[in-house]
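So the structure is just underneath, and the comments pick up after that.
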Amino acid sequence: MELLFLGILVLLMIIALLSGFPVAFSLPGSSIIAIGLAALAGWVFADNPDAYFHEGGPVQWLSAGVTNFRSLYWNVERDTLIAIPLFIFMGIMLQRSKVAEDLLVTMAQLFGSVPGGLGISVVLVGALLAATTGIVGATVIAMGMISLPAMLRNKYSHSLATGTICASGTLGQIIPPSIVLIILADQLSNAADQASAMRKAAYREITGEFSMPSVLDITSASAGDMFMGAFIPGILLVALYLLYILITALVTPKSAPPIGYSGAYDRQFLAKVLMSLLPPLTLIFVVLGSILMGVATVNQAGAVGAVGAMLMAGYRLHHRDERRYWPAFIAIVAIIILGFIVANFDLNIKNMRSDEDRLGVALGVIAVAALLVAVSWSGWRVFKNGTTLHEVMGETAKTTSMVFIILIGAAMLTSAFRAFGGEELVKDMLTSLPGGFWMQFFVVMLVIFVLGFFLDFIEICFIVVPIIAPVAIHLGLDPLWFALLIALNLQTSFLTPPFGFSLFYLKASAPTLELSTIYRGIVPFIIIQLVVLAILIGFPEVALWLPGLME
């Protein structure tokens, strides 16, 4: 009977999602109804509300979702999800302040004279935006509105132009600091804990010993490890995109003709290039470099990114030339001074013993005050510029709220799934497959790929990963490697017709485009992504080399 109610749970969820009912309410609603029906059937037919549950009873499983959420995500040590609103704010601020638009226009002017140069610039800007925003929809729509008219006006092949934009926009799925990687790191941490418990139970059942050797235990991967692991696959993907566009432009010049720059390549143009490229590149280096070098946690780096985006928006939205860059200049000077102070003074206030210690603390206070003035000044400029700050804060709040509401609903769905023995069913199904490990692995990745046609990546991360990941990790998959494969898999599903979300983001920004044109253009990029996925499967060291090097 447990399987009957497990089927009812899945059916209710599918019906709710296909009917367009909000995901945040579909997940807990399906769980509550399924558990309630099981309890009612047990009370009517077996005189015991607990009769049709795998273990426990309805009260236990109804409260388990919220209890698990509270214990897992309100723990002070489990603070990875704090980085999500910070990176969302950073991305939306760069988008609304037109820093991304300046970057795209400048790169197009810089590479336009090269065969396929405009397409190359779109890929490079997509990679840079991925490393600063990590938001797929916003990137695709922005590049569709800015670069697509320019590409079509300069007689680019429609399919090549649309394919390049869609593929470049999805780089935010795999290139850090991807929100997908942050969510996966959190979900895989919980899955690794469950897999470790499963492995200990199996070891105790086989050997009769309660203590399992530490060499057999399972350790999770942090968000920092995810970022380091995704770095090389992301660069490889960008390189193959560029190679494909360059070869296409050389073989069929009419599909991607070079575009001459009407202006002069003089000092003024060089200054424009530097002012468009250096701030985003510096922000990327500071955010990712601080994580990769172990200087800052993901949360701290996210805060730095949010502050950096505010400073950049402060001078980009300020239309007067005088004192335009003063807040950014003050912030840079303050940060340099803080770095010098940290390196040369002991800033432990409780252990101040000499005048030198007091001087260091005083200088630190002054530098921090100057930095706060610079950030506040930039924030005031953004606030005065129409409704930019209001819109950015609103979008950040809505996106973050959506993530956490779905997270609570997914926690309840996972509890209901386990209540009816779904976890054991998945484990038995995978272990009974012919072909051993690789068949199990193929089935898991295929399920995630197919679900990517219908569900957003957030929903897959919160619904599917908690169900599949504990079993997959228990069967031998490395958590870091598995997470990166999921991220790359989800990126591919974003592009795959007929339901790829990236395709519809581009269609929304360019309504006159035919979907068939977009479908034709995206095929070569899907093949490239599958090649990178195959490389990552065949050579796990591609993903594991950099995290291992940093240990």
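Only a single criterion out of (1) out of contact with any Pro (no Cβ under 7 Å at 6 or more places or on another chain); (2) under 24 Å from Ile537 (Cα atoms); (3) at pLDDT 75 or above is not satisfied by Phe227, namely (1).
What do you reckon, is Ser276 more than 19 Å from Gly117 (Cβ to Cβ), open to solvent by less than 60 Å² (accessible area, probe 1.4 Å) and assigned to a helix (DSSP H, G or I)? Steps first, please.
Numbers: more than 19 Å from Gly117 (Cβ to Cβ): no; open to solvent by less than 60 Å² (accessible area, probe 1.4 Å): yes; assigned to a helix (DSSP H, G or I): yes.
In short, no.
Somewhere in region 178-199, is a residue crowded, with 24+ Cβ neighbours inside 10 Å and part of a loop (DSSP other than H, G, I, E, B)? Taking every residue of region 178-199 in turn, at least one turns out to be crowded, with 24+ Cβ neighbours inside 10 Å and part of a loop (DSSP other than H, G, I, E, B).
Among residues belonging to region 384-418 that are of a type outside the set (D, E, K, R) and over 28 Å from the mean Cα position of the chain (by Cα), point out the one that is least open to solvent (accessible area, probe 1.4 Å). Let's see the steps before the verdict.
Pass one, region 384-418, residues of a type outside the set (D, E, K, R): 385-390, 392-394, 396-397, 399-417.
Retained after the next criterion (residues that are over 28 Å from the mean Cα position of the chain (by Cα)): 385-386.
On the way: Asn385: 41, Gly386: 62 Å².
Here the answer is Asn385.
Give the residue that is nearest to the chain's Cα centre (by Cα), with candidates limited to residues of region 177-218 that are polar (S, T, N, Q) and closer than 25 Å to Ile535 by Cβ. It would help to see each step written out before you state the result.
The initial filter retains those residues of region 177-218 that are polar (S, T, N, Q), namely 178, 187, 189-190, 194, 196, 207, 211, 214.
Then drop every residue that is not closer than 25 Å to Ile535 by Cβ, which leaves 178, 187.
Numbers: Ser178: 3, Gln187: 13 Å.
If we take residues in region 177-218 being polar (S, T, N, Q) and closer than 25 Å to Ile535 by Cβ, then Ser178 is nearest to the chain's Cα centre (by Cα).
Regarding region 292-300, can at least one residue be identified that is part of a helix (DSSP H, G or I), modelled with pLDDT of 80 or more and under 21 Å from Arg96 (Cα atoms)? No.
So, in region 1-19, how many residues would count as being farther than 15 Å from Ala419 by Cα and open to solvent by 60 Å² or more (accessible area, probe 1.4 Å)? Summing the residues that are farther than 15 Å from Ala419 by Cα and open to solvent by 60 Å² or more (accessible area, probe 1.4 Å) in region 1-19 gives 5. Just one of the listed residues (Glu322, Glu356) is at pLDDT 80 or above and acidic (Asp, Glu), and it is Glu356. Among what's in region 472-514 and is part of a helix (DSSP H, G or I) and open to solvent by 50 Å² or more (accessible area, probe 1.4 Å), pick the residue that is modelled with the highest pLDDT. Per the criteria, the residue is Lys507. Pairing residues of region 96-108 that are farther than 23 Å from Ile259 by Cα with residues that are open to solvent by 60 Å² or more (accessible area, probe 1.4 Å) and in a helix (DSSP H, G or I), at Cβ distances under 8 Å and at least 6 apart in sequence or on separate chains, gives Arg96/Glu391.
Yes or no: region 24-31 includes at least one residue that is assigned to a helix (DSSP H, G or I), surrounded by 13 or more Cβ atoms within 10 Å (Cβ to Cβ), touching a Ser or Thr at 6+ places or on another chain (Cβ under 8 Å) and touching a residue at least 60 places away in the same chain (Cβ under 8 Å). There is at least one residue in region 24-31 that is assigned to a helix (DSSP H, G or I), surrounded by 13 or more Cβ atoms within 10 Å (Cβ to Cβ), touching a Ser or Thr at 6+ places or on another chain (Cβ under 8 Å) and touching a residue at least 60 places away in the same chain (Cβ under 8 Å).
Scanning region 289-330 for residues that are in contact (Cβ under 8 Å) with a residue 40 or more places away in the chain and among the charged types (D, E, K, R) yields a single hit, Arg316.
Hey, does region 219-228 have a residue that's more than 34 Å from the chain's Cα centre (by Cα) and either within 24 Å of Ile408 (Cα to Cα) or assigned to a helix (DSSP H, G or I) (or both)?
Taking region 219-228 as the starting set, the residues that turn out to be more than 34 Å from the chain's Cα centre (by Cα) are none.
Within region 219-228, not a single residue is more than 34 Å from the chain's Cα centre (by Cα) and either within 24 Å of Ile408 (Cα to Cα) or assigned to a helix (DSSP H, G or I) (or both).
Test Met293 against the criterion of being more than 17 Å from Ala328 (Cβ to Cβ) and buried (at least 22 other Cβ atoms within 10 Å of the Cβ), and give yes or no. Reasoning before the result, please.
Numbers: more than 17 Å from Ala328 (Cβ to Cβ): yes; buried (at least 22 other Cβ atoms within 10 Å of the Cβ): no.
For Met293, the condition - more than 17 Å from Ala328 (Cβ to Cβ) and buried (at least 22 other Cβ atoms within 10 Å of the Cβ) - is not met.
Only one entry in Arg381, Arg353, Arg418 is outside any helix (DSSP H, G or I) and not acidic (Asp, Glu), namely Arg353.
The values are calculated or read from the model by the stated rules, or taken from the named source; none is laboratory data. Bear in mind that the values here come from a model prediction, so they are computed numbers and not experimental data. Counting neighbours? That spans all protein chains shown, and the Cβs are built from the backbone with ideal geometry, glycine included. Ligands, DNA and RNA are stripped out before the accessible areas are found, and what is left, the full protein with its side chains, is counted by its heavy atoms. Shrake-Rupley method; radii C 1.70, N 1.55, O 1.52, S 1.80 Å.
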